[in-house]
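For reference, the structure discussed in these notes is given below.
What follows draws every value from the coordinates through simple rules; no lab data is involved. Note that the structure is a prediction, hence the values are computed from the model and not measured. Note: ideal-geometry Cβ built from the backbone for every residue, glycine included; neighbour counts use all protein chains shown.
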Amino acid sequence: MKNLTFCLTIGFSSFVGAPLHALTVSELEKNCLDGDLVSCENAGVAYEYGTDGLADYVKAAEFYNIGCIGGHGKACRRLSNLYVDGSGVPQSFDESWRLVHLACEKDDFFSCNVLGTTYERGFPLTPDSYGPPDPLRASEFYSVACEGNYEVSCSNLAALYAFGSGVTRNTDKAKSLYRKACDLGWKRGCEGLARLN
């Protein structure tokens, strides 16, 4: 079940840049090859989901890879999901895990939150085997994402401070982080702040 959750989590995200229907796949490909990394991701999405016909996972992986190599974190995350499934690329949990880390390094704060959540619950050793929870490591990824204003991570990090899980318990720090999550529009951040007040 954890593997399924990980797959679904890293695979979820929305289109970015111009609405996909505004550009043809050919236009997205051209823009990608001209250096527009968002177009690389969107071309990959078009191929993965068959926007212009049947899905072509090999082409999706090709364009996600171009975007990822160019430094677009969301393209790395999307490519990671293909490796989990073995869609268009050889199935490789290790490669998927490496790419989620790379996506986080490339400022895809959603991926940083995924890593935080995964480490908080127990990090994957293999697709079916998980190590013990590592809330300290989780706090590091949540912190990166929160600094990037990813509200969910601010709330997750606040909970670690509120309960002293992996970090020294610090109610003032927890309140500050919940407040930031709330200010960024995360309802659970507001709820966490209310519980501590």
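Which entry is the computed Cα extents along the principal axes in Å for this structure: (i) 68, 50, 37; (ii) 66, 45, 31; (iii) 54, 36, 24?
(iii)
Going by C-beta contacts inside 10 Å, put T118, T168, T24, T51 in order with the fewest on the left.
Details: T118 24, T168 7, T24 14, T51 17.
Result, fewest neighbours first: T168, T24, T51, T118.
With 10 Å bins from zero, work out the P(r) of segment 135-196 over every alpha carbon pair and list the percent per bin.
Pairs per bin, as whole percents: 30, 58, 12.
Between S176 and A55, what is the FRET efficiency for a Förster distance of 41 Å, r being their Cβ-Cβ separation, to the nearest 0.05? Please report the intermediate quantities before stating the final value.
Working: r = 45 Å, r/R0 = 1.09.
Efficiency, from the Cβ-Cβ distance: 0.35.
Most exposed first by the Cβ proxy, i.e. fewest other Cβ within 10 Å, how do F163, F141 rank? Kindly include the intermediate steps, with their values, before the conclusion.
Details: F163 12, F141 25.
So the residues, fewest neighbours to most, are F163, F141.
At a threshold of 8 angstrom on Cα-Cα distance, excluding pairs fewer than six apart, so keeping six or more, what relative contact order does the chain reach in percent?
Over the chain, the number comes to 12 percent.
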